[in-house]
Amino acid sequence: MTDIFPSWPLFSAFLLASFVLAMTPGPGVLYIVTRSLVQGRQSGLVSVVGVALGNLGNALAASVGLAALFAVSSLAFSVVKYAGALYLVYLGVQMLRPSAIENLVAMPAATSLTRVFRDGFVVALLNPKTTVFFAAFLPQFLSPDAPPMFQSIALGSLFVAIAALTDSAYALAAGAVAPALRGSVARRMGRRLGGGLFIGLGVFTALAESRAGK
């Protein structure tokens, strides 16, 4: 099992880099914070699980070579990128609708949390730059003495676990101030802010350069 991970100096560098990168806000963190602010701590933590599984899917995809497909096919990259951008815009539009948040209390709790989980999973999964990130980041810490696929899966899973911990901290912090948004006026403001952020992020993602190095 120890052969899967690099030597301690390199492994410690991986842990430090993973922590710093996981703390850097991105689409997943924005989704988690917005859900926590608008719907509370429980929804925020459920969204953490969805985002983590989406990130894990990207890590596995990178391990089996999907990132290589994105590197040689701009069409494949663009299709997934624009699908993710459109889904973010869709989430924003849904959040701007009064029934999406203001009628939340009347919705069955299980269905609501299931949707929160699903949306977080899709937001994270439909972000091809995460797959490309894993493909570029993980090889720096691989040892030539062990199968690269198993190493990349192990390190990718560890990165996802670290990100889940930092995302949980974001969710708990945002959830702590969520009660202030329970008033009708504050709730409408939070809903509009969250919807605007999702739409803006979707547009930014669609217009951003599709290649690293920009």
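Structure above, values below:
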read-out	value
All positions within region 110-157 that are in contact (Cβ under 8 Å) with a residue 24 or more places away in the chain and not in a helix (DSSP H, G or I)	126, 127, 142, 143, 145, 146
Qualifying residue in region 73-82 (condition: within 12 Å of the chain's Cα centre (by Cα), at pLDDT 70 or above and closer than 24 Å to residue 156 by Cβ)	no
Criterion (more than 20 Å from residue 29 (Cα to Cα), surrounded by 15 or more Cβ atoms within 10 Å (Cβ to Cβ) and at pLDDT 85 or above) met by exactly one of 113, 138, 155	155
Helices (runs of 4 or more DSSP H) completely within region 8-75 that count 2 or more residues being under 18 Å from residue 175 (Cα atoms)	27-39, 41-63
Residue that is modelled with pLDDT under 80, under 13 Å from the mean Cα position of the chain (by Cα) and more than 15 Å from residue 126 (Cβ to Cβ), where the choices are 34, 24	24
Hits in region 6-55 (condition: hydrophobic (A, V, I, L, M, F, W, C), surrounded by 18 or more Cβ atoms within 10 Å (Cβ to Cβ) and more than 26 Å from residue 114 (Cα to Cα))	14
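The values are calculated or read from the model by the stated rules, or taken from the named source; none is laboratory data. Everything numeric in this text was worked out from a predicted model, so none of it was measured. Neighbour counts are summed over all protein chains in view; Cβ atoms, including those assigned to glycine, are modelled from backbone coordinates with ideal geometry.
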